[in-house]
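Working notes, beginning with the structure itself.
The values are calculated or read from the model by the stated rules, or taken from the named source; none is laboratory data. Keep in mind that this is a model prediction, so the values were computed, not measured. A quick note on method: Cβ atoms are made from the backbone with ideal geometry, for glycine too, and the neighbour counts reach across all protein chains shown. Note: areas computed on protein heavy atoms with side chains; ligands, DNA, RNA excluded. Shrake-Rupley method; radii C 1.70, N 1.55, O 1.52, S 1.80 Å.
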Amino acid sequence: MRTAYKRGLAYLVLGISASVWGWQALDIMRNAETNALINDYAKGLEPAIGNLRQAKPEVLLARALFLKQHKRYDDALAALSLTSGFTEPRLQVLLRYNLGNIYLEQAVAKAETMSINDAMPLVALAKQAYRQALSIDSHYWDAKYNLEVAMRLLPEMDKINSGDDENPPNKKAPLWTTVPGFPRGLP
Amino acid sequence: MRAWVILLLCCLTACSDSVTSQVRLLTPRPFGYVLGDTLRHQVLITTDNGVKLDKNSLPKPGQLNRWLQLNALNAHEESIGGGHTRYRIDLTYQVFYAPLEVKMLTIPAFNVVLQQGQHHAEQAVPAWSFTLSPLRELAVRKDETGEYMRPDALVPLLSSDAAWTNALIAFFMMLLSGGYLMSSYGYLARFNQKRVFKPAYQRLLRLTDKQLDEGFALVHGALNQIYGQPLFQAQLAEFFYQHAEYQKLKTDLAEFFDLSNRYFFGTSTLTGHEVVTRLQQLCLQCARIEQGEA
């Protein structure tokens, strides 16, 4: 009876451990496949992916990065839009930051050609994406820096209640709530 | 009637003032912040027992103004003895302002409402000023692609460390449980077998012709160890049933017990040398069976 009990327990442990081993082995193989795809994108290759909707978020992020580097902004945004269902904070930060970079890069390009009306909504979207990234990780310095770039590009003109250094409020209703500005700095 | 109304108003005012409390605002350093930093404030409100904090009067997490966001607010109540209660309010603000130079900003004050029965009082949590610094120089920095901005975040490769650890643990558990089952069903009997006759034989080789007692004791001891209990001549049949591999030595073992009986309880006609030689031969044969050679 005691032996039968021990054997039963051993069969149970064997079954569970075999299942765990198999599952983990599968996980390792999947990770290796995903890493291979990420490496391909990093090398400038565009591997064929059957169904992008089933791709891992890391693959979609790598794909978006590749597409942005090739100035295929709409395709990059489409790739990032597929990651909206993923909620892992680490990936969300990367997603928001890279999304902000896509918008900001386009906005800077538009601003350089003086297409101000086209640049403004892009800057606003970039700022929103950086703020979302910083809301999740307030220590993300690259997002802070690029948000400052975006905010210099499109300053926010609301009154800041910071004491006597503020100008008196303008009674006239402004036509724009924000105006584009391109500070070129000191001579 | 007018007098009653005035009296009632006076009572209400007196009651409102009777809710006593003390507010302390604990703040971090007021300098050295940049865009996107978080600021943690702690408000400690000490009141009499029975005075309740109206949590609806606390600021709501979200955008407070263009540049200030309240990320989190947690209020805890704790009794501190002496008939007093302390409310601890933890606030986490985040600043989204891009100054051109070091700039002083102020987190606005707010009022909290304390209630005791029908009475209530407001307590002001003061404003707090701090300075914010820019991250960029005033002049626009350019690189070959235009205005300088930080590059995209590279996608980290997936780590399989945890999966490898789990797989190794699972593999070890498989080995353990599988090994136990194989052992339990006798598949590992050959590996589990103890070597009994080989050391006995090696010791027999070192005995002299006069150390017959030790010689018999060695062989009896080895047989007892195999059998698991003292083995007598009458139990040989049972021994062969349990250890069928020794069946081929049936005659030799029977002769060994006869010899042992004659040596200890009768008269042996054999010389000491012959007895030791027989013991050595028997032990050697047993050792070969034990090792699976015979």
Suppose every K and R has +1 on its Cβ and every D and E has -1 on its Cβ; what is the size of the dipole of segment B:191-290 about the Cα centre, in Debye to the nearest 20? 320
Surface accessible to a 1.4 Å probe, per residue, for the residues of chain B, Å²: 58
Once phi is turned into θ = phi - 60°, what whole-Hz ³J(HN,Hα) does the Karplus curve with 6.51, -1.76 and 1.60 give for every residue of segment B:278-283, x standing for Gly and Pro? 4, 4, 5, 5, 4, 5
Return an integer: the convex hull volume of the alpha-carbon atoms of segment B:191-290, in Å³ per residue. 91
Quick one: the Cα spread of segment A:1-117 along its three principal axes, in angstroms, biggest first? 87, 27, 19
Can you pull out the buried accessible area for chains A and B, both sides counted, probe 1.4 Å, rounded to the nearest 100 Å²? 5500
Using a Förster distance of 41 Å, how high is the FRET efficiency between A:GLU46 and A:TRP23, based on the Cβ-Cβ distance and rounded to 0.05? 0.85
Based on the alpha-carbon set only, what is the convex hull volume of segment B:19-134 divided per residue, in Å³? 87
Rounded to whole Hz, the Karplus (6.51, -1.76, 1.60) HN-Hα couplings of segment B:90-97, x for glycine and proline: 9, 10, 10, 9, 9, 9, 10, 9
Using r as the Cβ-Cβ distance of A:ALA78 and A:GLU33, and R0 as 30 Å, what FRET efficiency do you calculate, to the nearest 0.05? 0.85
Per-residue mean of other chain beta-carbon atoms within 10 angstrom of the beta-carbon, peptide B:59-67? 2
As I understand it, the dipole of the protein assembly as shown uses +1 on the Cβ of Lys and Arg and -1 on the Cβ of Asp and Glu, about the Cα centre. Which of B:VAL196, A:ALA4, B:LEU91 lies farthest toward its positive end? A:ALA4
Can you list the residues of segment B:28-42 that have at least 30 square angstrom less accessible area with all protein chains present than in their chain by itself, probe 1.4 Å? B:LEU35
In segment B:191-290, if the dipole is taken from +1 on Lys/Arg beta carbons and -1 on Asp/Glu beta carbons about the Cα centre, which of B:SER260, B:CYS283, B:LEU249 is farthest to the positive end? B:CYS283
Calculate the mean, over all residues of peptide B:136-144, of how many other protein chain Cβ atoms lie within 10 angstrom of the residue's Cβ. 3
Diffing segment B:61-71: the Karplus 3J(HN,Hα) column from phi (6.51, -1.76, 1.60, θ = phi - 60°), in whole Hz with x for Gly and Pro, holds x, x, 6, 8, 8, 4, 10, 10, 10, 9, 7
Please give the contour-minus-distance gain from B:GLN22 to B:VAL140: 0.36 nm per residue of separation, less the Cα-Cα distance, rounded to one decimal in nm. 37.5 nm
Let's see if you can work this out: charge +1 on each Lys and Arg Cβ, -1 on each Asp and Glu Cβ, no other charges. What is the dipole magnitude of segment A:1-150 about its Cα centre, in debye to the nearest 20? 720
What number do you get for the protein assembly as shown when its Cα radius of gyration is normalised by 2.2 N^0.38 Å, N = residues? 1.88
Run through segment A:65-115 and list the trypsin sites (Lys or Arg not before Pro) located in a DSSP loop whose Cβ has at most 13 other Cβ atoms within 10 Å. A:LYS71
Taking the C-alpha atoms of chain B, how large are the radius of gyration and the largest Cα-Cα span, Dmax, in Å? 47.2, 142
Ignoring ligands, DNA and RNA, what percent of the 1.4 Å accessible area of the protein assembly as shown is carbon and sulfur? 57
Label-to-label distance, nm, for residues given as B:LYS60 and B:ASP48 (7 Å Cα→Cβ offset): 3.3
